[in-house]
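Heads up, the thing below is written out as structure tokens.
No value in this document is a laboratory result; all are computed from the given coordinates. These figures come from a predicted structure and were not determined experimentally. We place every Cβ from the backbone using ideal geometry, glycine too, and count neighbours over all the protein chains shown.
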Amino acid sequence: MKVRRIAGLGILLVFLSCGLDAGSRRTSNSTSALHSAMPAGYDIVVLKPSGMNLSLMGLIECPELEGAQQVSEGVNAVLLSADGGRIRKFPRHFSFRITASLRKIMLDGPATAIKIGDDPRDLLLKLRFRVKAYHGLEVRDIVADSVEQIGMPADVPYDERVYRIKVDVRDAAITDRFVIEILTPEGELLTHFPFTVL
């Protein structure tokens, strides 16, 4: 369906400075230490009929994972905390930070197009989010604890909006996978970003 992108050019440099790409696999026995902020992904959608490009960027905020490190790989992989203890459960609380922008930051061509009825700037104020957790083949929906717009106030006209979606994943194994879906006000999927650490 869509081609997922991990940021290129300038965004890639920013993401690399955060440490580990949240979805990457390593071939060595040990990886770089995780950071409290980790990239989730990047995507571009063309909004029809305006023809404007909507850039969507995801960041994971999880302070409890600062300094954690994956050791070994495959079925033998484990995640160790900064102090060396084995992490078996996922931190219960973390957040997704999503930036939706109409600014011209062309890193790569648009992946998909979607028809919207609203003015593109109005769409930025009405984005919806859905979080899913995967444990093996089981999937469950997670209701966000809160969804807040941060940065520029909503009543100020602007071409970029930033959201913080806080979640409580309860009792989740460190091997679980999380996906945040970004939706139009009508519930149509714009893109999604996965998050896994092991």
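Worth a mention:
- Extending 7 Å from Cα along the Cβ direction at Arg86 and again at Tyr158 yields two label points whose distance is 4.6 nm.
- Remark: the Glu148-Ser72 segment gains 23.6 nm on full extension, using 0.36 nm per residue and subtracting the alpha carbon distance.
- For segment 75-166, the spread of Cα positions along the three principal axes, ordered from largest to smallest, is 49, 29, 28 Å.
- FRET efficiency, 1/(1 + (r/R0)^6) with R0 35 Å, evaluated for His135 and Ala33 via beta carbons: 0.85
- Shown is the FRET efficiency for Leu125 and Arg170, computed with R0 = 30 Å from the Cβ-Cβ distance and rounded to the nearest 0.05: 0.50.
- When the trypsin sites (Lys or Arg not before Pro) in segment 133-178 are filtered for DSSP coil states and for at most 16 other beta-carbon atoms within 10 Å of their beta-carbon, the remaining sites are Arg170.
- Between the listed residues Phe94, Ile116, Ala68, the Cα displaced farthest toward the positive end of the dipole of segment 51-157, a dipole computed from Cβ unit charges relative to the Cα centre, is found at Ile116.
- Size of electric dipole in segment 122-198: Cβ of Lys, Arg +1 and of Asp, Glu -1, about Cα centre, debye, nearest 20: 200 debye
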